[in-house]
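Working notes, beginning with the structure itself.
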Amino acid sequence: MFRLTEYMQQLVTPTPVRTRRGSGPVKPVVIWNLTRRCNLKCRHCYTVSADVDFPGELSHEQAMDTLEDLGRFKIPALILSGGEPLDRKDWFQIATRARQLVRMLALSTNGTKIQGDDADRIAEIGFNYVGISLDGIGQTNDWFRGVDGAFADALRGVRECKKRGIKVGLRFCLTEGTKHHLADLLKLCDDEGVDKFYLSHLVYAGRGDKNRGEDAAHEMTRWGQDLLLERAWDAVSGGRPLDIVTGNNDADAGYFLQWANDRFSAESVAHVRTHLEAWGGNSSGLGVANIDNLGRVHPDTYWSDYTVGNVKQTPFSELWTGDDPMLEMLRTRPRPLKGRCGACKLKSVCGGNTRIRALQLTGDPWAEDPACYLSDDEIGVEGGDRLMTTPFRGKSHDPAHKFF
């Protein structure tokens, strides 16, 4: 996750770079898919969820045991996700205990069920943040999410959170079918007093892989980033507040550095770059982890074809601190990147971007990320000035391809 507003603030109010303390693996932010059941049918769903019960999901006892382990392991943050997490019958008990065990607790939801008792329960638990997903205004959102009325129900959820004093954000996936609503959604944030806006780039996983032809063209991605940079600067320079973050394309950090280089002193840009290098870009298998609905542990939510182990048999803390070869490679700095990513002058900032896209298209997790929208010249690669203007629309490589 690239915290655009936070790093832009460094240009106005510089602060010392934070360094990691202690030794051993980083304690990750854990994204936990409590259930695969969901009342919507989103075209970009990475879990291919549906409104049915899925066999093999963690029992209540297994879920609570996992929570206790996460608490003892002292993870910094836990994000309860799905499917739709509110569709799990014991979500309230899980969230209530999680609130006692972790410092930062967030809820990732489609928002359509946040009303009445459920809204009261969310407020009672004391979530630090509730992220509600929208993919456009009105019918565009409903088409993308596969259910009529989904926009109205999600907007009601936003308002119910705000009425109860809950910090709430909008989550938006940029695609060719939704790009024309980006400005409208930023305006919606202002109109509704939304605290945070999260733009997610499409990842080729689940239905997101099947619908990758809808991925935003690189020029359109740059246009979208320009809108976010303009809005973030408005907030940082004393205008309307809004915390803007992006996810699943760490090239956003490089694009931001170019924006800063055109407007600020070399000293200020160097300071921001130091902060970005301390962050390190893509954090799959290092600063972020995923537990899916069946208890399987993955390097992040999109690596469903690679499993470290299962919390039904082995505690998460043991799996994360073990000797898994893929985790070891993902934690290597610099990573063994190839192609444009390997030659890129910004790889210390973006960390090689989202490895799962390279894997899906080539069978090699260290190949260049096809969604990098920076030109050869911008990343310091000799021999051309490539800037793809259309997304890759080929077939996925066999996910059973061996990594090692």
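The values are calculated or read from the model by the stated rules, or taken from the named source; none is laboratory data. What you see is a predicted model, and the numbers here were worked out from it, not measured in a lab. Here the Cβ positions follow ideal geometry from the backbone for every residue, glycine too, while neighbour counts run over all protein chains shown. Remember, those area values only see protein heavy atoms, side chains included, never the ligands or the DNA or RNA. Shrake-Rupley method; radii C 1.70, N 1.55, O 1.52, S 1.80 Å.
Among the residues of region 253-291, those identified as in contact with a Lys or Arg (Cβ under 8 Å, 6 or more places away or on another chain) and either of a type in the set (D, E) or over 17 Å from V17 (Cα atoms) (or both) are Y255, N282, S284, G285, L286.
One line per residue, one yes/no per condition, for (1) of a type in the set (V, I, T); (2) under 20 Å from D300 (Cβ atoms); (3) modelled with pLDDT under 95; (4) surrounded by 17 or more Cβ atoms within 10 Å (Cβ to Cβ):
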{"position": "F2", "(1), (2), (3), (4)": "no, yes, no, yes"}
{"position": "Y7", "(1), (2), (3), (4)": "no, no, no, yes"}
{"position": "R18", "(1), (2), (3), (4)": "no, no, yes, no"}
{"position": "G22", "(1), (2), (3), (4)": "no, no, yes, no"}
{"position": "V30", "(1), (2), (3), (4)": "yes, yes, no, yes"}
{"position": "H44", "(1), (2), (3), (4)": "no, yes, yes, yes"}
{"position": "S49", "(1), (2), (3), (4)": "no, yes, yes, yes"}
{"position": "G82", "(1), (2), (3), (4)": "no, yes, yes, yes"}
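When region 123-137 is filtered for residues that are over 22 Å from the mean Cα position of the chain (by Cα) and open to solvent by less than 20 Å² (accessible area, probe 1.4 Å), only I125 remains. With the condition kept exactly as written, say whether any residue in region 153-168 is of a type in the set (D, E) and without any contact (Cβ under 8 Å) to a residue 24 or more places away in the chain. No. Taking the numbered list (1) open to solvent by less than 30 Å² (accessible area, probe 1.4 Å); (2) more than 30 Å from D191 (Cα to Cα); (3) not polar (S, T, N, Q) in turn, P315 passes all entries but (1). L67 falls short on exactly one of the conditions (1) without any contact (Cβ under 8 Å) to a residue 40 or more places away in the chain; (2) open to solvent by 50 Å² or more (accessible area, probe 1.4 Å), and that condition is (2).
Pairs are defined by a Cβ separation below 9 Å, a sequence spacing of at least 6 or placement on different chains, a first member in region 1-18 that is among the acidic types (D, E), and a second member that is at pLDDT 95 or above; the pairs so defined are E6/D243; E6/V245; E6/H275.
Do you know which residues across region 138-175 are open to solvent by 10 Å² or more (accessible area, probe 1.4 Å), modelled with pLDDT of 95 or more, of a type in the set (A, V, I, L, M, F, W, C) and more than 13 Å from K196 (Cα to Cα)? Answer for region 138-175, where residues must be open to solvent by 10 Å² or more (accessible area, probe 1.4 Å), modelled with pLDDT of 95 or more, of a type in the set (A, V, I, L, M, F, W, C) and more than 13 Å from K196 (Cα to Cα): F151, A152, L155.
This table checks each residue for (1) closer than 29 Å to A253 by Cα; (2) without any contact (Cβ under 8 Å) to a residue 24 or more places away in the chain; (3) not in a loop (DSSP other than H, G, I, E, B).
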residue	(1), (2), (3)
G281	yes, no, no
W303	yes, no, no
Q313	no, yes, no
G342	yes, no, yes
K345	yes, no, no
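Only residues that are assigned to a helix (DSSP H, G or I), open to solvent by 10 Å² or more (accessible area, probe 1.4 Å) and under 17 Å from K163 (Cα atoms) were counted in region 90-122, giving 5.
Got at least one residue in region 231-239 being surrounded by 18 or more Cβ atoms within 10 Å (Cβ to Cβ), within 27 Å of A358 (Cβ to Cβ) and of a type outside the set (F, W, Y)? No: zero hits.
Restricting region 345-387 to residues that are within 21 Å of E176 (Cα to Cα), within 23 Å of the chain's Cα centre (by Cα) and of a type in the set (A, V, I, L, M, F, W, C) leaves a set whose member that is modelled with the lowest pLDDT is L361. The listed residues are D300, D305, D324, and the only one of them that is open to solvent by less than 60 Å² (accessible area, probe 1.4 Å), under 20 Å from the mean Cα position of the chain (by Cα) and among the charged types (D, E, K, R) turns out to be D300.
Only residues that are polar (S, T, N, Q), within 19 Å of K41 (Cβ to Cβ) and in contact with a helix residue (DSSP H, G or I) (Cβ under 6 Å, 6 or more places away or on another chain) were counted in region 111-139, giving 1.
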